[in-house]
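Here's the structure, in structure tokens; my notes come after.
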Amino acid sequence: MVEDLRESLVGRVKSGLLMILGAVATVLLIACGNLAALQLVRASERSREVAIRVSLGATRSRLLRQLLTESVLIALCGGALGMAVAYAGAKALLRLSPASLPRAAEIGISWEVAAFTLAISVACGLVCGLAPAVEQMRLNLSGSMKEGERGASGGKGKQRLRQALVAGQIGASLVLLIGTGLLLKSFSRVEEVQPGFNAKNLLVVRLALPRTHYKGKEEVVNFYRALEPRVASLAGVKSVAVANVVPTDNFLATVDFSIVGRGWSANQLPEAHYRMVTAQYFRTMEIPVIAGRAFEESDTNESAPVVLINQSLARRYWPTGSPVGEHVQMDDTQDKMREVEVVGVVGDVRDFGLENDAKSEIFTPIAQVPPDTLSYLKNNMCWFVRTANEPLMAARAFREELGKVDRDVPASATQTMERYLELSVASRRFNLQMAEIFGVAALLLATIGIYGVISYLVTQQTREIGIRMALGAERGEVFSSVMRLGLGLASAGVIGGVVAALIMTRWMKTLLFGVSATDFLTYTGTIALLLMVAVGASLVPGIRATKIDPVIALRYE
């Protein structure tokens with residue numbers, strides 16, 4: 001099989017990494033919106049100052065350079081703080097990353113990262129400071145002097161721009177939060193999937209048999225027959241089995257087969273995943289036998305060759321009848337296809353991830369595997385030990401018994417089957433954790449944006465609110481007007497965010513399992529959360545507005 005190298009290295013994690021990149025870009029966009037809103041606020045407060053400086057002879061180009069420099073300095077300070085956080089958090093994020101993440105060991109803070117951060121910080125400072133700076137250059141000198149005296153909020157144009165920025169932040173946050181909600185729901189659906197076996201209290205040990213000691217089939221069979229009863233007799237061990245593959249490990253081992261009597265041509269032969277197992281495998285893994293029988297110790301090289309198949313293969317090729325008693329020819333030799341009898345059907349196992357359907361599988365007793373094929377078992381002999389308590393407690397005793405049989409056989413990996421299950425969903429868990437981090441950051445930034453804009457408007461409109469209250473306006477009316485402003489901004493952001501989410505989440509379909517990219521409950525729940533946050537962010541400015549003393553307010557500036 002020919003495969004592109006880049007696809008081979010990053011194909012499985014490409015979608016997740018692109019999703020994380022999109023989340024980073026969205027959070028950066030929200031942060032830029034906050035910075036732009038901050039600059040607009042500062043610009044409004046400095047309108048009178050700028051007008052005075054222009055009246056005294058300051059050139060507009062000089063003022064523009066100063067304002068942009070201030071904006072860039074703020075962005076650089078933020079970039080430096082971000083670098084410090086990244087340096088401290090990079091190792092923590094790598095600990096969360098899945099083992100399948102390519103070149104993870106090379107990830108860190110380097111001069112390239114520092115240079116990129118510097119460039120992004122300068123660019124963000126220039127972009128976010130440009131609009132407020134240009135706005136200042138268009139000042140009406142006499143109007144700005146009077147606005148400063150009245151304590152106005154910088155004009156309706158500036159107010160609308162600030163509110164638009166906040167609404168945009170809310171919309172971007174909604175997109176991120178909806179994506180996080182979809183991933184969370186998808187992950188919970190994956191965890192509900194049954195793998196087809198019982199992973200609890202199951203120890204897995206991988207062995208690699210030295211080729212110098214184990215040249216033929218007889219040596220391999222004698223090895224596991226010598227070690228198996230020793231491990232089975234250990235305290236707390238309930239059963240022991242051997243196989244060539246660990247379920248959920250994505251290990252490819254296939255064989256072509258044909259059903260006797262079907263008349264398939266050689267170029268039409270289907271394939272199934274090939275499993276070499278011992279007689280106790282299905283009992284140890286607690287894989288149910290649906291029809292027929294499991295393997296027995298009497299299924300040896302001297303007895304009639306037999307196999308078991310899983311439900312997926314049985315349903316596909318015997319949709320209306322029973323495969324038990326049927327004969328199959330398998331191409332698991334280097335000579336010619338050999339004929340075997342199907343003696344049973346077992347339950348499906350999700351060998352290629354919980355989110356993927358079970359594949360067709362054929363199981364054959366190790367004692368009946370052709371010698372030239374059994375060589376594949378030497379470097380990947382997987383032992384499964386079912387225990388009555390914590391499985392890792394049996395690991396040391398297993399190694400001791402292994403040393404008594406052959407000291408030269410290394411145990412390359414020892415871990416629980418539950419750990420293998422965790423690793424099978426590690427990429428999905430990592431995507432979810434990254435989305436949660438950026439989703440929380442986006443929600444926090446949007447909350448700050450709502451609070452900042454409304455709080456500023458309340459401060460700037462102190463005199464106006466005082467006049468309204470002096471003319472008889474109730475405190476409840478003032479509070480309601482502030483809350484309506486906050487909810488209005490949130491509603492505008494939600495509308496835009498929903499439209500953007502419907503477009504953007506279509507690209508997440510490969511990351512989802514058991515949930516639609518337009519899941520109604522996720523959308524409504526996220527919208528409700530964001531509206532509650534908007535209410536909370538508007539609450540403090542609203543309460544502060546009701547406590548304004550009309551007498552003091554009328555003297556404001």
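The values are calculated or read from the model by the stated rules, or taken from the named source; none is laboratory data. Because the structure is a prediction, the values reported are computed rather than measured. Here the Cβ is made from the backbone with ideal geometry for all residues, glycine too, and neighbour counts use every protein chain on show.
Here are the numbers for this structure:
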quantity: Enumeration of residues in segment 431-446 that are surrounded by fewer than 20 Cβ atoms within 10 Å (Cβ to Cβ) and closer than 14 Å to residue 181 by Cα; calculated: 433, 436, 437, 440
quantity: Residues that are in contact with a helix residue (DSSP H, G or I) (Cβ under 8 Å, 6 or more places away or on another chain), surrounded by fewer than 17 Cβ atoms within 10 Å (Cβ to Cβ) and not in a helix (DSSP H, G or I), drawn from segment 501-537; calculated: 514, 518
quantity: All positions within segment 466-489 that are among the aliphatic types (A, V, I, L, M) and either within 47 Å of the chain's Cα centre (by Cα) or outside the structural domain of residue 547 (by TED's automatic domain parsing) (or both); calculated: 478, 482, 483, 485, 487, 489
quantity: Every residue from segment 204-220 that is surrounded by fewer than 14 Cβ atoms within 10 Å (Cβ to Cβ), in contact with an Asp or Glu (Cβ under 9 Å, 6 or more places away or on another chain) and not polar (S, T, N, Q); calculated: 210, 213
quantity: First in segment 183-198 and within 24 Å of residue 287 (Cα to Cα), second anywhere and not in a loop (DSSP other than H, G, I, E, B), Cβ under 6 Å, 6 or more apart; calculated: 197/285
quantity: For residue 223: the one exception among (1) crowded, with 20+ Cβ neighbours inside 10 Å; (2) within 22 Å of residue 397 (Cβ to Cβ); (3) over 43 Å from the mean Cα position of the chain (by Cα); calculated: (3)
quantity: Sole exception among (1) at pLDDT 80 or above; (2) in the same structural domain as residue 177 (by TED's automatic domain parsing); (3) not β-branched (Val, Ile, Thr) for residue 418, by number; calculated: (2)
quantity: Condition check for residue 177: in a helix (DSSP H, G or I), surrounded by 21 or more Cβ atoms within 10 Å (Cβ to Cβ) and either in contact with a Gly (Cβ under 8 Å, 6 or more places away or on another chain) or acidic (Asp, Glu) (or both); calculated: yes
quantity: Checking residue 84 against (1) farther than 30 Å from residue 426 by Cβ; (2) modelled with pLDDT of 80 or more, the condition it does not meet; calculated: (1)
quantity: All positions within segment 296-337 that are of a type in the set (Gly, Ala, Ser) and either modelled with pLDDT under 90 or out of contact with any Ser or Thr (no Cβ under 7 Å at 6 or more places or on another chain) (or both); calculated: 298, 303, 304, 314, 321, 322, 325
quantity: Considering residues of segment 291-323 that are among the aromatic types (Phe, Trp, Tyr) and under 18 Å from residue 275 (Cβ atoms) only, the residue surrounded by the fewest Cβ atoms within 10 Å (Cβ to Cβ); calculated: 317
quantity: Qualifying positions in segment 400-417 - surrounded by 15 or more Cβ atoms within 10 Å (Cβ to Cβ) and not aliphatic (A, V, I, L, M); calculated: 401, 406, 414, 415, 416
quantity: Flag for residue 349 being in a loop (DSSP other than H, G, I, E, B), within 30 Å of residue 509 (Cα to Cα), modelled with pLDDT of 90 or more and out of contact with any Asp or Glu (no Cβ under 6 Å at 6 or more places or on another chain); calculated: yes
quantity: Considering residues of segment 454-472 that are of a type in the set (A, V, I, L, M) and in contact with a helix residue (DSSP H, G or I) (Cβ under 8 Å, 6 or more places away or on another chain) only, the residue nearest to residue 531 (Cα to Cα); calculated: 454
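So that you can scan it fast, the table gives a plain yes or no per residue for (1) touching a strand residue (DSSP E or B) at 6+ places or on another chain (Cβ under 7 Å); (2) at pLDDT below 85; (3) assigned to a strand (DSSP E or B); (4) aliphatic (A, V, I, L, M):
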site: 339; (1), (2), (3), (4): yes, no, yes, no
site: 355; (1), (2), (3), (4): no, yes, no, no
site: 358; (1), (2), (3), (4): yes, no, no, yes
site: 385; (1), (2), (3), (4): yes, no, yes, yes
